[in-house]
1. Can you confirm whether segment 87-94 contains a residue that is in a loop (DSSP other than H, G, I, E, B) and without any contact (Cβ under 8 Å) to a residue 24 or more places away in the chain?
2. For segment 34-52, what are the residues that are among the aliphatic types (A, V, I, L, M) and touching a Lys or Arg at 6+ places or on another chain (Cβ under 7 Å)?
3. Tell me the residue from LEU30, LEU102 that is closer than 17 Å to THR177 by Cβ, assigned to a helix (DSSP H, G or I) and hydrophobic (A, V, I, L, M, F, W, C), please.
4. Would you say GLU67 is farther than 20 Å from HIS170 by Cβ, modelled with pLDDT of 95 or more and in a loop (DSSP other than H, G, I, E, B)?
5. If you check ARG112 against the conditions, is it closer than 21 Å to GLY22 by Cα and in contact with a strand residue (DSSP E or B) (Cβ under 7 Å, 6 or more places away or on another chain)?
6. In segment 17-71, which residues are polar (S, T, N, Q) and out of contact with any helix residue (DSSP H, G or I) (no Cβ under 7 Å at 6 or more places or on another chain)?
Amino acid sequence: MQKMDTPLPYQRIAVIGTSGSGKTTLARALAARLGLPRIELDALYWEPNWTPAFVMDFRARVEEATEAPAWVADGNYHTSRDIVWERAEALVWLDYGLWLSLGRLLRRTWRRVFTREELWNGNRENIWNQLRVWSQDSLIRWFFKTYWRRKREIPMLLELEENEHLVVFHFKSPRETGVWLDSL
């Protein structure tokens, strides 16, 4: 991939991928590199005590955030996909392998638990919730529940007429993603 002489021409960019793929990290780097605000969908979705926002409240927050003329948004919420994708000009899909994404998820979760990192609205990850893979609260359970579904679903969604306007950057490895990011 050759180095671009001008910044990426897109001003509304959605970053998607499975849990642990690095959506937030890439969105943060992309927003900084391009001088764009970042929209973290998790921050709009999660209320205190890990309470999900009501769907209509969440959608209203996403509507308001994506009304801006420029942004980089990261997240996979199907309840707001129509809003984000309709308004986006480009979509960056991190389509990494199972073991890479799972390893990243486990390392990230352990780091957050160990450092007591505050996430959204005072929420912190709890190691016991993650280890109880039978629990609805486990990110590990969520990962296995959604990993293959996203592999099947995203290509089908990108074929839909309402998504034809999106310029798609589909990356299969962190190296590919890094080369692309460095080219901006």
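1. Kept after step one, since they are in a loop (DSSP other than H, G, I, E, B), are these residues of segment 87-94: 88-89.
Add one more test, that the residue is without any contact (Cβ under 8 Å) to a residue 24 or more places away in the chain, and what stays is none.
Within segment 87-94, none of the residues are in a loop (DSSP other than H, G, I, E, B) and without any contact (Cβ under 8 Å) to a residue 24 or more places away in the chain.
2. Step one: list which residues in segment 34-52 are among the aliphatic types (A, V, I, L, M), which gives 34, 36, 39, 41, 43-44.
Correct list: LEU44 only.
3. The conditions single out LEU30.
4. On the way: farther than 20 Å from HIS170 by Cβ: yes; modelled with pLDDT of 95 or more: yes; in a loop (DSSP other than H, G, I, E, B): yes.
Considered against the rule, which asks whether it is farther than 20 Å from HIS170 by Cβ, modelled with pLDDT of 95 or more and in a loop (DSSP other than H, G, I, E, B), GLU67 comes out as yes.
5. It is false that ARG112 is closer than 21 Å to GLY22 by Cα and in contact with a strand residue (DSSP E or B) (Cβ under 7 Å, 6 or more places away or on another chain).
6. Step one: of segment 17-71, the residues polar (S, T, N, Q) are 18-19, 21, 24-25, 49, 51, 66.
Correct list: THR24, THR25, ASN49, THR51.
The values are calculated or read from the model by the stated rules, or taken from the named source; none is laboratory data. This is a predicted model, so every value here is computed, not measured. Methodologically, a virtual Cβ is constructed for each residue, glycine included, from the backbone with ideal geometry; neighbour enumeration extends over all protein chains shown.
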